[in-house]
1. Roughly how many nanometres apart are two label points built 7 Å out from the Cα toward the Cβ at residue 106 and residue 315?
2. Which whole-Hz couplings ³J(HN,Hα) result when phi for each residue of segment 282-294 is put into the Karplus expression 6.51 cos²θ - 1.76 cosθ + 1.60, θ = phi - 60°, listed in order with x for Gly and Pro?
3. Amide H neighbours of residue 339 under 5 Å, at least 5 residues apart or on other chains, H built in the peptide plane: list them.
4. For a quick check: with amide H placed at 1.01 Å from N, whose amide H comes under 5 Å from residue 94's, ignoring anything fewer than 5 positions away on the same chain?
5. At a 1.4 Å probe radius, which order do 202, 76 fall into by accessible area, largest first?
6. Would you work out which of 131, 62, 219 lies farthest towards the positive end of the dipole of the chain, given +1 charges on the beta-carbon of Lys and Arg and -1 on that of Asp and Glu, about the Cα centre?
7. Put +1 on the Cβ of each Lys and Arg and -1 on the Cβ of each Asp and Glu in segment 137-278; which of 195, 143, 228 then has its Cα farthest toward the positive end of the dipole?
8. Go ahead and estimate [θ] at 222 nm for the chain from helices alone: -39,500 (n - 2.57) per DSSP H run with n ≥ 4, summed, over the residue count, rounded to 500.
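The values are calculated or read from the model by the stated rules, or taken from the named source; none is laboratory data. Remember, it's a predicted structure, so these values are computed and weren't measured experimentally. Note that each Cβ is placed from the backbone with ideal geometry, even for glycine, and that neighbours are counted across all protein chains shown. Calculation scope for accessible area: heavy atoms of the full protein, side chains included, ligands and nucleic acids excluded. Shrake-Rupley method; radii C 1.70, N 1.55, O 1.52, S 1.80 Å.
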Amino acid sequence: MRWKCLFVCLMAACLLTSCALLPEEEAVRTAPVTRSYVRPEYNTAAVERGDLIHSVRISCSYVPVQTASLSFMLDDEYIDRFLVQAGDSVKAGQVLAQLQLGDLQERIAAAQTETAVLEMRLTHEKKQYDLNLKRLEITTAQMDALQKAQALEKARESYARSARSLQDLLTFNRLTLEALNSELAKRQIRAPFDGTVTRVTDFEEGDKSEFGIGVLTLVDSTRSIFRASTEYWDRFTPGEVYWITVKKEDYEAVVVGEEELGLAPQARETGKRSYVYFALTRPSFELKDGDTGTVEMVVDQRLNVLHVPAGAVSAAGGRPIVYELREDGMKTYRYVETGVTIDGRTEIISGLEEGESVIVKGGGNR
């Protein structure tokens, strides 16, 4: 029994020893990881054909050729009436307003009539004198020279006295009429030129005048003028047509020279600001002094040309190039000839065809 136990122990030890002599299991080896090729992405744009136009907006102001603030010439006199209202078109010399006249107009009419009568009498007196001279030639034919001379001298003296009296009366009457008309002029406001009334002061019955205080405003309605101060003055030619935008309204205008407006020529220097004048083809009565507008002027333009986004053009060796994609997805470049760049688009003179695709740095199509 003891030998059996010993045998069992030896067998167990051998089994354990044999297990320890087996080689360890190798870890499964893995292949090294490699990343697949990722094709870079580019922003592209097509070569287009069209117009490249560089324009600027120039500010301009409405400046009436003539503006007059009209007032009464007498102070503390009762106002009779205003004969116009804002918006009325008037002619030079037309009465616009007046103070109370009393019998002034009747006195003027009487003086005018008396003046006309005296002028007629003076004319008649001269004709009568000429007729008397002819009669004397007949009646004094038989007289001697002395008697004939005396008769003619007597007729001359009579005519001279009568004519002098009438002339004195006529001179006095004309002076009276002049004074009356001067008084009337002080009591009336007349239009100094053709124009449009833009303002009329409200008044009530019993209101009195104030010397030198404007009660009417008149602007020249024959022309509506805008003036712009710009460094592009040398690009405007008299007769050219432009559109002026004022408060979302468009007005057709033509460029006019200073001499046409009766203005002294300006001293101009290239690159520095100078005035340019525009006359509306149809005068506008709603415009006011100081109204502002804008004129759009083309500084440069290229019509029906090829163009690409400016970001598509680079340089290599001092020459402009554009990049494009090959069929295999690789980037390549091509030399081009460029023109102007306007509003982010560059003109292509040669090197590309319409519809071709180019790579754009930082962005694609517009």
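1. If labels sit at residue 106 and residue 315, their model points lie 9.4 nm apart.
2. Listing the rounded values in order: 10, x, 10, 8, 7, 6, 10, 4, x, 4, 10, x, 10 Hz.
3. For residue 339, the qualifying residues are 347, 348, 349.
4. Amide H neighbours of residue 94: 191.
5. So the residues, ranked largest to smallest area, are 202, 76.
6. So the residue we want is 62.
7. Farthest towards the positive end: 143.
8. -9500 deg cm²/dmol
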